[in-house]
Amino acid sequence: MLEAGLKHSVVISVEERQTAAAVGSGGLWVFSTPSMIALMERCARDAIQPHLEEGQGSVGTLVNVRHLAATPVGLQVRCECELLEVEGKHLLFAVRAYDPDGLIGEGQHERYIIDNDRFMKRAQEKLAKHNAD
(Lines give C-alpha, C1' and ligand atoms only; values in the text may rest on other atoms or scores of the structure.)
Protein backbone atom coordinates (compact mmCIF):
# COMPACT_ATOMS: atom_id res chain seq x y z
CA MET A 1 0.00 0.00 0.00
CA LEU A 2 1.33 3.40 -0.96
CA GLU A 3 1.51 6.03 1.75
CA ALA A 4 2.76 9.59 1.97
CA GLY A 5 6.35 9.77 3.15
CA LEU A 6 7.75 7.15 0.74
CA LYS A 7 11.18 8.33 -0.46
CA HIS A 8 13.51 7.25 -3.23
CA SER A 9 16.66 8.50 -4.97
CA VAL A 10 18.46 7.87 -8.26
CA VAL A 11 21.99 8.90 -9.26
CA ILE A 12 23.23 9.32 -12.83
CA SER A 13 26.32 10.69 -14.55
CA VAL A 14 25.48 13.41 -17.08
CA GLU A 15 26.24 12.27 -20.63
CA GLU A 16 26.38 14.28 -23.86
CA ARG A 17 23.06 12.75 -25.00
CA GLN A 18 21.36 14.45 -22.03
CA THR A 19 22.56 17.96 -22.81
CA ALA A 20 20.45 20.85 -24.00
CA ALA A 21 22.38 20.89 -27.28
CA ALA A 22 21.76 17.18 -27.88
CA VAL A 23 18.03 17.15 -27.07
CA GLY A 24 17.32 20.44 -28.83
CA SER A 25 16.09 22.41 -25.83
CA GLY A 26 19.04 24.79 -26.01
CA GLY A 27 22.46 25.18 -27.55
CA LEU A 28 24.76 24.44 -24.64
CA TRP A 29 26.45 21.21 -23.57
CA VAL A 30 24.96 21.12 -20.05
CA PHE A 31 22.32 18.86 -18.44
CA SER A 32 19.05 19.76 -20.11
CA THR A 33 15.79 20.62 -18.44
CA PRO A 34 13.98 17.81 -20.33
CA SER A 35 16.60 15.34 -19.08
CA MET A 36 16.22 16.60 -15.51
CA ILE A 37 12.44 16.19 -15.78
CA ALA A 38 12.86 12.65 -17.15
CA LEU A 39 15.12 11.82 -14.21
CA MET A 40 12.54 13.18 -11.77
CA GLU A 41 9.79 11.13 -13.41
CA ARG A 42 11.99 8.03 -13.33
CA CYS A 43 12.73 8.54 -9.64
CA ALA A 44 9.02 8.78 -8.80
CA ARG A 45 8.13 5.81 -11.01
CA ASP A 46 10.86 3.66 -9.46
CA ALA A 47 9.75 4.66 -5.94
CA ILE A 48 6.26 3.27 -6.36
CA GLN A 49 6.63 0.40 -8.83
CA PRO A 50 7.54 -2.23 -6.19
CA HIS A 51 4.35 -1.32 -4.31
CA LEU A 52 1.98 -1.76 -7.27
CA GLU A 53 0.04 -4.87 -8.18
CA GLU A 54 1.13 -7.05 -11.08
CA GLY A 55 0.05 -5.46 -14.35
CA GLN A 56 -0.06 -1.95 -12.91
CA GLY A 57 2.20 0.93 -13.79
CA SER A 58 2.07 4.68 -13.55
CA VAL A 59 2.10 7.62 -15.91
CA GLY A 60 3.25 11.15 -15.35
CA THR A 61 0.55 13.75 -15.86
CA LEU A 62 2.01 16.97 -14.47
CA VAL A 63 5.48 18.36 -13.87
CA ASN A 64 6.00 21.75 -12.26
CA VAL A 65 9.72 22.30 -11.69
CA ARG A 66 12.35 24.97 -11.76
CA HIS A 67 15.79 24.27 -13.22
CA LEU A 68 18.09 26.37 -11.06
CA ALA A 69 21.70 25.62 -12.07
CA ALA A 70 23.73 24.19 -14.94
CA THR A 71 25.51 20.84 -14.64
CA PRO A 72 28.28 19.96 -17.12
CA VAL A 73 28.82 16.59 -18.79
CA GLY A 74 30.65 14.17 -16.51
CA LEU A 75 29.24 15.30 -13.17
CA GLN A 76 26.75 13.22 -11.23
CA VAL A 77 23.16 14.27 -10.58
CA ARG A 78 21.17 12.82 -7.69
CA CYS A 79 17.41 13.01 -7.82
CA GLU A 80 15.31 12.59 -4.70
CA CYS A 81 11.55 12.25 -4.50
CA GLU A 82 9.05 12.04 -1.69
CA LEU A 83 5.46 10.94 -2.05
CA LEU A 84 3.39 13.77 -0.57
CA GLU A 85 -0.19 12.69 -1.25
CA VAL A 86 -2.07 9.56 -2.23
CA GLU A 87 -5.69 10.07 -3.34
CA GLY A 88 -6.92 6.87 -4.93
CA LYS A 89 -4.84 6.45 -8.09
CA HIS A 90 -3.53 10.03 -7.97
CA LEU A 91 -0.03 10.53 -6.52
CA LEU A 92 1.79 13.79 -5.81
CA PHE A 93 5.56 13.94 -5.30
CA ALA A 94 8.09 16.54 -4.22
CA VAL A 95 11.14 16.22 -6.49
CA ARG A 96 14.63 17.67 -6.16
CA ALA A 97 17.84 17.26 -8.14
CA TYR A 98 21.37 17.96 -6.95
CA ASP A 99 24.83 18.01 -8.46
CA PRO A 100 28.03 18.13 -6.35
CA ASP A 101 27.59 21.89 -5.84
CA GLY A 102 24.03 21.65 -4.53
CA LEU A 103 20.42 21.99 -5.62
CA ILE A 104 19.91 22.25 -9.39
CA GLY A 105 16.15 21.70 -9.66
CA GLU A 106 13.03 21.34 -7.57
CA GLY A 107 9.29 21.14 -7.82
CA GLN A 108 6.35 18.76 -7.87
CA HIS A 109 5.39 15.83 -10.04
CA GLU A 110 2.00 14.14 -10.40
CA ARG A 111 1.46 10.53 -11.44
CA TYR A 112 -1.54 8.24 -11.85
CA ILE A 113 -1.61 4.49 -11.30
CA ILE A 114 -2.82 2.66 -14.40
CA ASP A 115 -3.61 -0.82 -15.64
CA ASN A 116 -0.86 -1.30 -18.25
CA ASP A 117 -2.86 -3.52 -20.62
CA ARG A 118 -5.94 -1.29 -20.58
CA PHE A 119 -3.80 1.83 -21.11
CA MET A 120 -1.96 0.31 -24.08
CA LYS A 121 -5.21 -1.03 -25.57
CA ARG A 122 -6.62 2.52 -25.64
CA ALA A 123 -3.43 3.83 -27.21
CA GLN A 124 -3.51 1.13 -29.91
CA GLU A 125 -7.20 1.84 -30.59
CA LYS A 126 -6.30 5.46 -31.17
CA LEU A 127 -3.56 4.42 -33.61
CA ALA A 128 -5.90 2.07 -35.47
CA LYS A 129 -8.55 4.79 -35.72
CA HIS A 130 -6.12 7.24 -37.31
CA ASN A 131 -4.49 4.65 -39.57
CA ALA A 132 -7.95 3.80 -40.95
CA ASP A 133 -8.55 7.40 -42.07
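The values are calculated or read from the model by the stated rules, or taken from the named source; none is laboratory data. Quantities reported herein were computed from a predicted structural model and do not represent experimental measurements. Neighbour counts run over all protein chains shown; Cβ positions are idealised from the backbone, glycine included.
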Q. Would the range 19-42 turn up any residue that is touching a residue at least 24 places away in the same chain (Cβ under 8 Å), out of contact with any helix residue (DSSP H, G or I) (no Cβ under 9 Å at 6 or more places or on another chain) and surrounded by fewer than 14 Cβ atoms within 10 Å (Cβ to Cβ)?
A. no
Q: Filter the range 24-65 for residues that are under 18 Å from residue 111 (Cα atoms) and in a strand (DSSP E or B) and give the result.
A: 56, 57, 58, 59, 60, 61, 62, 63, 64, 65
(Q) So in the range 1-38, with the set limited to residues that are aliphatic (A, V, I, L, M) and closer than 20 Å to residue 85 by Cα, which one is modelled with the lowest pLDDT? (A) 1
Q.
Looking at the range 62-83, can you tell me whether even one residue there is touching a Gly at 6+ places or on another chain (Cβ under 9 Å), within 16 Å of residue 2 (Cα to Cα) and without any contact (Cβ under 8 Å) to a residue 24 or more places away in the chain?
A. no
Q. What pairs come up if the first residue lies in the range 94-117 and is over 29 Å from residue 55 (Cα atoms) and in contact (Cβ under 8 Å) with a residue 60 or more places away in the chain, the second is assigned to a strand (DSSP E or B) and among the acidic types (Asp, Glu), and their beta carbons are under 9 Å apart, counting only those six or more places apart or on different chains?
A. 97/80; 97/106
